Every structure is written in C-alpha cells, then in structure tokens.
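The values are calculated or read from the model by the stated rules, or taken from the named source; none is laboratory data. The structure displayed is predicted, hence computed values, not measured ones. Reconstructed Cβ throughout: ideal geometry from the backbone, glycine too, with neighbour counts over all protein chains shown.
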Amino acid sequence: MSIPLPISPKLIKKEENTGYFEVEGLYPGYGITVGNALRRVLLSSLEGAAITEVKIKGAPHEFSALSGVLEDVIMILVNLKKLNFKCFSDEPQMITLKAKGEKEVTARDFKLTSEVELTSPKEHIATLTKSTAELEIEAKIEKGIGYEPIEAIESGKIGVGALPLDAFYSPVKKVKIEVENMRVGKRTDFEKLKLEIQTNGVLEPEEALKKSAEILVNHFSVFSSLFGEEDLQKSVIDQEKEQSQQNKKTADEQEAKKIKIENLNIPERAKNGLTKAGIKIVAKLIKKTKEELLTLDGMGEKAAQEVISELKKMNLSLKEE
C-alpha cells in the first residue's frame, strides 16, 4: 500500500504580490516535511536580478558626502538595494542615472538597457536640496540566485572606483507556512498545508511556487539513479497497479455496503432475524460483532459462519470483538 498523494495546490486568495495557497489531504507528518522543503527553496534557490556594484560621481567610498544631496552615500546604497529588476540577459547590464536641480530622485530616473525592466519605479533613491545639486550613478545589474554578500564577491571582479553591494537576487521576500489537521474519510490526522508567499513583483507567487516544486522534483529524481531504469519503470508501474487495485477495492467495498440483507446468500431464518433487529443493509451488519449476531433470533453458530463467509467474498468482515 502506498502513501496517498494530496490534492493539487489551490490559490485561495491573492493580494498584490502575495499569494495564499492551500494543499489538502497530506499524509500525517507530510505537512511540515513538504512545507519546510518548499519554504527553503522559495527563499534561497530562485533566480533573480540585482544591483551588484555602483559608481557614484564624487563618491570614492561609501563614507563620502555629496554636496546638495540630503542622503549620505551609505543611505543611497541602501535605497539602491531595494530596487527590483527583471533581466533578460545572462550578461551583466549597466544602467545610468543623471539628475540635476532641486528634486526627489526615484528609480524611474534610471536609463535602462533593452535587456532590463524595472518593476519598482517609485522607490526613493535620494533628495537633491539645491538647484545646483547633481547626482550621477552607474549601476551594474547581474542575475543570480538567493543572496550574495559583499565578502563573497572576488575583488578582481569589482570595477575601478565601484562600490560593491550585497546582492538580494531572490524574488521571494517572505514565506509563511501553517499546518492544520483535517478529516479524510474516517481519519482526522491528515494535514492541510497553508502557504503564504510574498514576492517583489518580478515573479508571481504562483510561478514562484511552481519553480520551487520543480527544483525539488529535479533534485529528488537524482536518487532514482540508485536503480536501473528498468527497475525504476517497473517500480512505478507496480505502484500504479497497486493504487488502481486499491481504488477498485475501495469502490467495490463501498458498493457492497449498500447491498440489502435480503439479497445475501444466507439462510432465510438469519435474514429474518437481521431484518427484525433493524439490520437491513450490509453497512449496518459489519458494525456488529459475532457475539452480537448470535443473540439475534434465527442466528445460530452455523448461520453466523455463513454470514461471515458471505462478507468475506465482498472483502468485508464483522466488527472485531
């Protein structure tokens, strides 16, 4: 018997860049198992784009101050980290910004290449407080996965006069998981997994969930190499066959429970005794123990054995004493 698979994820609600999903029918313990795996991949393993280094005219280092600019260089760098991009090239892309005069400088002031799309144009970058103030920025955008600290960037890759930035590549900002018990048939210990996924707008929550699941599936498929291809195919076929047989057996049992007592191949006296006791279908019969049957009119040891045999033919049995 194989562990039953859950129902496909459902998008319950969507608010801007946040999606709320539910997965029902998870086998006991699998809510946390699946939820934690997805959460880790969502936060660490999806590709995105980020600014990795910046050149600011008049700022040789991050502790510099710019004339006529309200923010210091460190604050400008912090603001640049908040920008979200889509990059359609595997090669680094250079974008530029030139602002002059008393004004607020936002992300929309950047001049982009054809390979770059800005998804956060309203993000504040700096405030120019004088009519003579100027701000010129050149930024490099690269694609990557997860998070890359400054320390991980090789010094030889940093351009002359450039300030390196921590790169937050991941398009997923937040993932929350919650597991609840739910009823499946007679069991109440199956689980429902709730997922809350918030992205930066570069990737839709649904797409982020799909890509994360694909990454996990691809990694787990590596373990299939422990078996020969023929053995693996045979294993899959056997599992499918077993599941099909189990489904058919369950369906047959459900139908059998609806059979009327009068249609069973048992002695008439036994049928009368069962009917008199209010047991008119098999579903009620299987709730009785053998001892309870023997107390009914017309039901002796031999008749009880015939009832048991008849139930066995339908893959059913009396209640255990």
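Within region 182-195, take every residue that is loosely packed, with under 13 Cβ neighbours inside 10 Å and in a strand (DSSP E or B) and give me the one that is modelled with the lowest pLDDT.
Checking each candidate, the answer is ARG187.
Checking the condition at pLDDT below 95 and out of contact with any Leu (no Cβ under 6 Å at 6 or more places or on another chain), which residue from THR119, THR96, THR106 passes?
None of the other options fit; the residue is THR119.
Does any residue of region 183-193 turn out to be among the aliphatic types (A, V, I, L, M), without any contact (Cβ under 8 Å) to a residue 60 or more places away in the chain and in the same structural domain as GLU24 (by TED's automatic domain parsing)?
no
Just checking, does region 21-29 include any residue being among the small types (Gly, Ala, Ser), in a strand (DSSP E or B) and closer than 30 Å to THR127 by Cα?
There is no residue in region 21-29 that is among the small types (Gly, Ala, Ser), in a strand (DSSP E or B) and closer than 30 Å to THR127 by Cα.
What do you reckon, is GLU62 in the same structural domain as PRO164 (by TED's automatic domain parsing), modelled with pLDDT under 95, over 18 Å from TYR169 (Cα atoms) and not small (Gly, Ala, Ser)?
Yes.
State all residues of region 99-119 that are part of a strand (DSSP E or B) and within 17 Å of GLY48 (Cβ to Cβ); if no residue qualifies, say none.
Matches in region 99-119: VAL116, GLU117, LEU118.
Restricting to region 303-321, give me the number of residues that are of a type in the set (Gly, Ala, Ser), touching a helix residue (DSSP H, G or I) at 6+ places or on another chain (Cβ under 8 Å) and either surrounded by fewer than 18 Cβ atoms within 10 Å (Cβ to Cβ) or over 18 Å from PRO267 (Cα atoms) (or both).
Total satisfying the criteria: 1.
Are there any pairs, at least 6 apart or on different chains, whose C-beta atoms fall under 6 Å, with the first in region 296-316 and farther than 18 Å from LYS284 by Cβ and the second in a helix (DSSP H, G or I) and not polar (S, T, N, Q), and if so, which?
That search, which allows pairs on different chains as well, returns nothing.
From the list ASN315, ASN218, pick out the single residue that is out of contact with any Phe, Trp or Tyr (no Cβ under 7 Å at 6 or more places or on another chain) and at pLDDT below 85.
ASN315
Return a yes/no flag: does region 148-165 have any residue that is closer than 21 Å to LYS100 by Cα and surrounded by 13 or more Cβ atoms within 10 Å (Cβ to Cβ).
For region 148-165, residues closer than 21 Å to LYS100 by Cα and surrounded by 13 or more Cβ atoms within 10 Å (Cβ to Cβ): absent.
Restricting to region 299-313, name every residue that is of a type outside the set (A, V, I, L, M) and under 19 Å from LYS260 (Cβ atoms).
GLU306, SER309, GLU310, LYS312, LYS313 - these are the residues of region 299-313 that are of a type outside the set (A, V, I, L, M) and under 19 Å from LYS260 (Cβ atoms).
With the requirement that a residue be surrounded by 15 or more Cβ atoms within 10 Å (Cβ to Cβ) and more than 12 Å from the chain's Cα centre (by Cα), what does region 25-43 give you?
GLY25, LEU26, TYR27, TYR30, listed by residue number.
Looking at (1) more than 21 Å from LEU165 (Cβ to Cβ); (2) crowded, with 21+ Cβ neighbours inside 10 Å, find the lone condition where ILE56 falls short.
(1)
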